[in-house]
Amino acid sequence: TNHFESNLPLKGKRALVSAGPTYEAIDPVRFIGNHSSGKMGYAIAKQLQALGAEVTLVSGPTALNSPSQVNRVDVVSAQQMFEAMDKHFQESDIVVMSAAVADYTPVEVADQKIKKKAEDFSIDLKKTTDILASLGKQKRDNQTLVGFALETNNELAHAKDKLERKNLDFIVLNSMQDKGAGFAHNTNKITVINRSGEVTSYELKSKDEVAKDICNLIIQEQSKS
Ligand code: CTP
Ligand code: CA
């Protein structure tokens, strides 16, 4: 990158970031959720803002404070997250999907708290909309679209498959190999795969440092367009 260009390389750019888990309601007091803390997405939103971008952060339920000067949109369910991301997609130059979206949601939400009765109980679930795949289908050449992947086996092959299937510019693979990386931790160990199939592995770092690495790749992508 050209360091003489600007110390705010993303000035004039609009960025859209998703973060945190989604909660899928079962009844008025229960939901299906996951352990995403939202820290990675919030760190990316903060860093993109610091680099000059105008940032919208679509956040599932988290315990985090909004980064300053970021437009935060709070959502709960996968469907609400889809609607918010879809609404802001067209106007965005940079889109980072770091939320941990539920893959399935209850077919029906009970109006009243479900009472315990039989020994066995099950809930019918249906697939949620794949938000990232839907954005990938609409993507223009000058938009940078970034996804995340968490895998437990055949990590690279699975992540590469998602990169292609969802039409991403690059995918950030969260390594499960390292203790201290991932959910609820302040550190992360990532591997990035781009459209050309290049694989770059990074050291275990704080999520703020990881966000800087990811933003550097975004700056490179944006300078191409
Ligand atoms: N994602 C999404 N909408 C969904 C599910 C996932 O936008 N309904 C996004 C995630 O935010 C992430 C990427 O897709 O950026 C990959 O998510 P992941 O759970 O690793 O992959 P899936 O496609 O859901 O496949 P699987 O869970 O079976 O591995
Ligand atoms: Ca999934």
For this session: Can you tell me the order of 202-210, 79-87, 137-145 when each peptide is scored by its average per-residue count of other Cβ atoms within 10 angstrom, highest first?
Result: 79-87, 202-210, 137-145
Problem set entry | Estimated [θ] at 222 nm from DSSP helical runs (n ≥ 4, -39500 (n - 2.57)) normalised by residues in the chain, nearest 500 | -8500 deg cm²/dmol
For this session: Taking every pair of Cα atoms in the chain, average 1/r, invert it to obtain the Kirkwood radius, and report Rg/Rh to two decimals.
Result: 0.99
Problem set entry | Magnitude of the charge dipole, the chain, Cβ model with Lys/Arg +1 and Asp/Glu -1, debye to 20 | 240
Problem set entry | Solvent exposure of segment 50-152 as accessible area per residue, Å², 1.4 Å probe | 58
Problem set entry | Dipole of segment 99-209, positive direction: furthest Cα of Leu163, Ser175, Leu135, with charges on the beta-carbon | Leu135
Exercise. Over the chain, what is the relative contact order in whole percent, taking alpha-carbon pairs under 8 Å and six or more residues apart?
Worked result: 19
Seminar exercise, completed: Once the dipole of segment 11-106 is set up from charges on Cβ (+1 Lys and Arg, -1 Asp and Glu), the residue from the list Ala84, Leu48, Ser98 lying farthest towards its positive end is Leu48
Problem set entry | Beta bridges by DSSP in the chain, antiparallel share as percent, to the nearest 5 | 40
Exercise. Looking at Gln69, Thr187, Val109, which one has the Cα that reaches farthest to the positive end of the dipole of the chain (charges on Cβ: Lys, Arg +1; Asp, Glu -1)?
Worked result: Gln69
Problem set entry | Accessible-area composition of segment 4-69, carbon plus sulfur, in percent [1.4 Å probe] | 51
Problem set entry | Between helix 39-50 and the chain: long-axis angle, C-alpha atoms, 0 to 90°, nearest 10 | 30
Problem set entry | Top of Phe31, Phe89, Phe121 by mean-square fluctuation, Gaussian network on the chain, Cα under 10 Å | Phe121
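The values are calculated or read from the model by the stated rules, or taken from the named source; none is laboratory data. Quantities reported herein were computed from a predicted structural model and do not represent experimental measurements. Positions of Cβ are backbone-derived with ideal geometry, glycine not excepted, and every protein chain shown enters the neighbour counts. Only protein heavy atoms, including side chains, enter the accessible area calculation; ligands, DNA and RNA are left aside. Shrake-Rupley method; radii C 1.70, N 1.55, O 1.52, S 1.80 Å.
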